[in-house]
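These notes are about the structure you will find just below.
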Amino acid sequence: WQSYSHRLAYQTYDITSSIVVGPNAIGAALGDGWYRGRLGFLEQRAIYGDEISLIAQLELTYVDGEVDIIPTNDSWEWTPGPITASDLYDGESHDARLELAGWSTTASVGRWEPVATHPDDGVPLVSPLGPPIRRTAAIDPVAVFSSPSGRTLVDFGQNLVGRLRIHTSGPRGHVIMLRHAEVLEDGELGVRPLRTAKAEDRYCLRGEGPEIWEPEFTFHGFRYVEVEGWPEASIAPGAISASVLHTDMERTGWFDCSNDLLNRLHDNVIWSMRGNFVDIPTDCPQRDERLGWTGDIAAFAPTAAYLYDCAGMLTSWLRDLALEQRQNGLVPFFVPEVPFPADVADIPGFALSHAAAWGDAAVIVPSALYQAYGDLEILRTQYKSMRTWVDGVAELAG
């Protein structure tokens with residue numbers, strides 16, 4: 001997630017082992033994500049644009065040194081896929097009956113619709129400054145039980161951020177619903193803290209033997225999952241697991257003492273950081289928000305830099321902060337900025353201002369990174385942004 005109007009970071013993959021002698025093909029699945037999906041607590045959609053697209057190129061280097069580049073252009077083709085809905089807050093729906101065998105192979109070439117192409121909009125492509133989001137762990141449930149109303153609940157024993165992977169089989173067209181939440185309320189799934197986020201994933205079975213599924217374009221903050229429509233008599237061990245997702249930072253700091261409660265508190269800090277460092281530093285991983293609140297990371301940056309090597313990820317985030325910053329030094333409450341709708345933009349509490357603690361992130365975060373890593377380049381890069389904030393506040397203060 002970035003300030004899409006200012007820069008677009010690309011990813012690179014070594015696919016040498018996937019190339020075969022003879023015809024080859026490459027395919028990509030597209031989802032709404034942060035760009036076109038629902039963002040923020042005011043139920044806004046398509047904030048950055050209403051069309052999703054792909055820019056890619058395949059680079060082949062032959063043994064004689066010749067390089068062949070195959071880019072995206074109007075010769076590519078598209079078709080709807082089995083993902084019928086995807087949303088970061090509301091979850092994903094997948095109809096396995098719509099899956100296309102060999103969709104990313106030469107078997108599909110010439111069978112789809114031609115793509116529409118768009119002119120270059122002038123936004124620079126940049127290399128990523130930090131590691132990508134990856135699955136970093138798989139966690140099995142600690143219990144499967146019935147709620148007072150008879151609903152099936154799965155308990156993973158702790159809060160985590162990610163999504164489920166299910167292994168099951170059943171009749172064609174049978175639907176499984178998975179609802180996620182962090183807490184229970186009166187023994188039932190506690191969804192009130194989610195506000196308007198549905199956090200529901202839906203899978204419609206293909207009906208051709210064992211099936212494995214994990215959503216692609218959503219993630220949830222949860223400990224408990226309510227399972228509806230499981231096609232088998234019971235949820236067998238290994239049938240459901242949780243994939244933990246976050247920016248794949250390297251752990252650098254540890255703490256341990258003789259007090260078990262203090263150790264547990266520290267473990268909670270670690271898991272909270274993992275759950276909120278998903279490409280940007282967010283405020284929460286579960287409800288209809290998950291924004292890069294500047295005040296939150298201003299307070300947490302020294303701890304974050306001690307626990308993990310987050311220099312790349314936070315340096316990238318600071319680039320966006322500087323790009324979103326106003327000429328008078330004002331820093332948005334969250335970065336990347338999600339503009340408030342016009343009808344509330346001037347209401348106190350929504351109207352942007354030089355807010356202490358929030359805007360101070362422009363100075364506090366790069367300072368914390370420098371103190372942790374000793375990299376002067378962080379200060380050089382952010383110096384203009386840091387000074388613009390301080391000068392703007394000084395001018396207002398008189």
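The values are calculated or read from the model by the stated rules, or taken from the named source; none is laboratory data. Nothing here was measured: the structure is a model prediction, and the numbers come from that model. Here the Cβ positions follow ideal geometry from the backbone for every residue, glycine too, while neighbour counts run over all protein chains shown. Side chains are part of the model used for accessible areas, which takes the heavy atoms of the whole protein and leaves out ligands, DNA and RNA. Shrake-Rupley method; radii C 1.70, N 1.55, O 1.52, S 1.80 Å.
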| Given springs between every Cα pair under 10 Å in a Gaussian network model of the chain, which of GLY359, GLY209, GLY329 has the largest fluctuation? | GLY209
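Given the DSSP H assignment, sum -39500 (n - 2.57) over each helix run of at least 4 residues in the chain and divide by its residue total; what's the result at 222 nm in deg cm²/dmol, nearest 500?
-7000 deg cm²/dmol
Taking 0.36 nm per intervening residue step and subtracting the Cα-Cα distance, what contour gain separates ARG45 from ASN328 on full extension?
Numbers: separation 283, 0.36 × 283 = 101.88 nm, distance 2.87 nm.
99.0 nm is the gain from fully extending ARG45 to ASN328.
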| task | Might you report the magnitude of the Cβ-based charge dipole of the chain about its Cα centre, with Lys and Arg at +1 and Asp and Glu at -1, to the nearest 20 debye? | result | 500
| task | Using θ = phi - 60° and the Karplus relation 6.51 cos²θ - 1.76 cosθ + 1.60, list the HN-Hα couplings for region 221-235 in order, rounded to whole Hz, with x at every Gly or Pro. | result | x, 7, 10, 10, 10, 8, 9, 10, x, 4, x, 9, 4, 8, 8
| Most mobile listed residue (LEU262, LEU100, LEU376) in the chain, GNM with C-alpha springs under 10 Å | LEU262
| Could you give the distance between the Cα centres of region 175-221 and region 299-358, to the whole Å? | 31
| message | If you restrict to DSSP beta bridges whose two residues both lie in the chain, what percentage is antiparallel, to the nearest 5? | response | 90
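Of the heavy-atom accessible surface of the chain (probe 1.4 angstrom), what whole percent is carbon and sulfur?
Values: 11080 of 21060 Å².
So the carbon and sulfur contribution to the accessible surface is 53 percent.
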| Simple Cβ-charge dipole of region 252-304, Lys/Arg +1 and Asp/Glu -1, about Cα centre, in debye nearest 20 | 20
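Shape verdict for the chain, please, from the Cα gyration tensor: rounded (a/c under 1.5), prolate (a/b greater than b/c) or oblate. It would help to have the intermediate numbers written out before the result.
Numbers: a/c = 1.67, a/b = 1.17, b/c = 1.43.
Verdict is oblate for the chain.
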| task | Tell me which residues come under 5 Å, amide H to amide H, from PHE334 once H is placed; ignore anything under 5 positions away on its chain. | result | THR294
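With charges only on Cβ, +1 for K and R and -1 for D and E, what is the dipole size of region 58-161 about its Cα centre, in debye, rounded to 20? Provide the component values of the computation, followed by the final result.
On the way: 5 positive and 16 negative charges, 130 e Å.
Result for region 58-161 is approximately 620 debye, rounded to the nearest 20.
Go through 179-187, 13-21 and give me the packing order, highest mean Cβ count within 10 Å leading.
Details: 179-187: 17.3, 13-21: 8.1.
For the peptides 179-187, 13-21, the packing ranking is 179-187, 13-21.
By average Cβ neighbour count within 10 Å, what is the ranking of 194-201, 29-36 from highest down?
Values: 194-201: 19.6, 29-36: 17.4.
Per-residue mean Cβ counts within 10 Å order the peptides as 194-201, 29-36.
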| field | Karplus-derived 3J(HN,Hα), 6.51/-1.76/1.60, for each residue of region 162-169, Hz, glycine and proline x | value | x, 7, 8, 10, 10, 10, 7, 7
| request: List, in order, the whole-Hz ³J(HN,Hα) value for each residue of region 65-77 obtained from phi through the Karplus relation with A = 6.51, B = -1.76, C = 1.60 and θ = phi - 60°; use x for Gly and Pro. | output: x, 5, 10, 10, 10, 10, x, 5, 7, 6, 8, 6, 10
| request: Could you do me a favour and compute the accessible area per residue for region 283-398, 1.4 Å probe, result in Å²? | output: 46
| task | Specify whether the C-alpha gyration tensor of region 288-377 places it in the rounded, prolate or oblate class, a ≥ b ≥ c being the square roots of the eigenvalues: rounded for a/c under 1.5, otherwise prolate if a/b is larger than b/c and oblate if not. | result | prolate
